[in-house]
Amino acid sequence: MDALAGLLDGPRARGAFLLRMVMEPPWSVRIEDRAPLCLMSVTAGEAWIVPAGAGAGAGAGAGAGAGATGPVLLRPGDLAVARGPEPYTVADLPDTDPQARIGPGGVCTTLRGEPLAQSMNLGVRTWGNAPDGTTAVLVGTYLMDGEISGRLLDALPPLIVLPSGGRARPLPALLDDEIARDEPGQSVVLDRLLDLLLIDALRTWFSRPGAEAPAWYRAMGDPVVGQALRLLQNEPAHPWTVAALAGRTGVSRAGLARRFTELVGEPPMAYLTGWRLAVAADLLRETDATVEAVARQVGYSQAFAFSTAFKRVRGVSPQEYRKGGGPA
């Protein structure tokens, strides 16, 4: 598993909130859904994103591929990734007063709480104030924290913007083509396209010049620690010890432990525990395997030990997590 795969073996949209927003100025929508991550791509016209606490006078935002702190203008082909749970505004101009609010679960109301879902419904997964509006924005939102690894979210600023640079992006075009279809299995198709779009965006973000990728991501490029990380990720069920890892990577036990901790930010066995539980969380949500079977697949010989570790880290038992309850 390479560095990118290790980073992104986590995005798993499940019934994501996806729509095409079609608007005619003046317009402004306040996003307060507390979702962990949202992707936006302008296909026609222009749209401004105003992060929480940033007003019209906060500046013109960020340069190419930078984390934005002020209002940012999106043009056709540009892609933005907004990390929750902080609110933000999407509008025709930075100082346009919001006329609508998107709350948890994608519920749309006026700022006074009056429902808008029906009045602004323009068809299958299409929403806005005018069917022939001059601005169109594709919106894809991950609804649950468990769909995106905390390790990945911690590595991102509140808002990143990836300008198109004049080149066409094939994935937004494909998503735009699919989003208004109403066919069997369409939600699964859209979920996977959203995952691919996020992976493409983050690959661009972390590989840009001067990128400040997280330590554990950069560690993948180290000849020793990178190999150790790939072994842990590819074989989470193996009964790993630091000595065993050191033997496979050709260094001393002390040398591996020291270098791994320096580059990754935590000792090898702590990383392994986190990785095992992340894999287990996906298995619990995506398969019908019993808790005992999941425990074995990630290296726990006893379901009790697995359940105890899972609850300590996730805050809920494996059974509760599978049902969608409690912290993600």
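The values are calculated or read from the model by the stated rules, or taken from the named source; none is laboratory data. Keep in mind that what you see is a predicted model, and the values were worked out from it rather than measured. As a convention, Cβ positions derive from the backbone with ideal geometry for all residues, glycine included, and neighbour counts pool all protein chains shown. Protein only, heavy atoms only, side chains kept; ligands, DNA and RNA dropped before computing areas. Shrake-Rupley method; radii C 1.70, N 1.55, O 1.52, S 1.80 Å.
What the phi angles of region 83-98 give under the Karplus curve with 6.51, -1.76 and 1.60, with θ = phi - 60°, is a coupling list of 9, x, x, 5, x, 7, 10, 10, 8, 6, 9, x, 9, 6, 5, x Hz, glycine and proline written as x. Springs between alpha-carbon atoms under 10 Å, Gaussian network over the chain: tell me which of P209, P172, P51 tops the mean-square fluctuations. Comparing P209, P172, P51 in a Gaussian network model of the chain, the most mobile one is P209.
Taking E178, E114, E24 as the candidate residues, the one with maximal mean-square fluctuation in a Gaussian network model of the chain, Cα springs under 10 Å, is E114. Between T241 and Q118, the modelled label-to-label distance comes to 6.8 nm, taking each label 7 Å out from Cα in the direction of the beta carbon. Please give the net charge around P26, taking every other residue with its beta carbon less than 15 angstrom from that of P26, where Lys and Arg add +1 and Asp and Glu add -1. Here the count lands on -4.
Rounded to the nearest percent, how much of the accessible area of the chain (1.4 Å probe, protein heavy atoms only) is carbon and sulfur? Numbers along the way, then the final one.
Numbers: 8040 of 14800 Å².
Accessible surface attributable to carbon and sulfur in the chain totals 54 percent.
Using a 1.4 angstrom probe on the protein heavy atoms only, could you order R169, R30, R218 from most to least accessible area? Working shown, then result.
Working: R169 20, R30 60, R218 140 Å².
Heavy-atom accessible area, descending, gives R218, R30, R169.
Heavy-atom accessible surface of the chain, averaged per residue, reaches 45 Å², computed with a 1.4 Å probe.
Shape verdict for region 189-235, please, from the Cα gyration tensor: rounded (a/c under 1.5), prolate (a/b greater than b/c) or oblate. Don't skip to the end; give the middle numbers.
Working: a/c = 4.04, a/b = 1.41, b/c = 2.86.
It comes out oblate by the Cα gyration axes.
Pull out a ≥ b ≥ c, the square roots of the eigenvalues of the alpha-carbon gyration tensor of region 204-301, then state rounded if a/c is under 1.5, prolate if not and a/b is larger than b/c, and oblate in the remaining case. Oblate shape, in that a/c is at least 1.5 and b/c is the bigger or equal ratio. Applied to region 179-184, the Karplus parametrisation 6.51 cos²θ - 1.76 cosθ + 1.60 on θ = phi - 60° returns per-residue 3J(HN,Hα) values of 5, 9, 7, 10, 10, x Hz, with x for Gly and Pro. Mind telling me which of E262, E183, E46 comes out most flexible in a GNM of the chain, alpha-carbon contacts under 10 Å? In this elastic network of the chain, the residue with the biggest mean-square fluctuation among E262, E183, E46 is E183. Remark on L37: its backbone amide H falls under 5 Å from those of G84, Y142, a criterion applied only to residues 5 or more positions apart or on other chains, H modelled at 1.01 Å from N.
Counting Lys +1, Arg +1, Asp -1, Glu -1, what net charge surrounds V137 among other residues with beta carbon under 13 Å of its beta carbon?
Working: positive: R20, R75, R125; negative: E24, E46, D78, D92, D176.
With Lys, Arg at +1 and Asp, Glu at -1, the net is -2.
Karplus-based coupling profile of region 296-311, in residue order and whole Hz: 5, 5, 10, x, 9, 7, 10, 5, 5, 5, 5, 4, 5, 5, 4, 5, with θ = phi - 60° in 6.51 cos²θ - 1.76 cosθ + 1.60 and x standing for Gly or Pro. The H on the amide N of L122, modeled in the peptide plane, is under 5 Å from the matching H of W127, G128, each at least 5 residues off or on a different chain.
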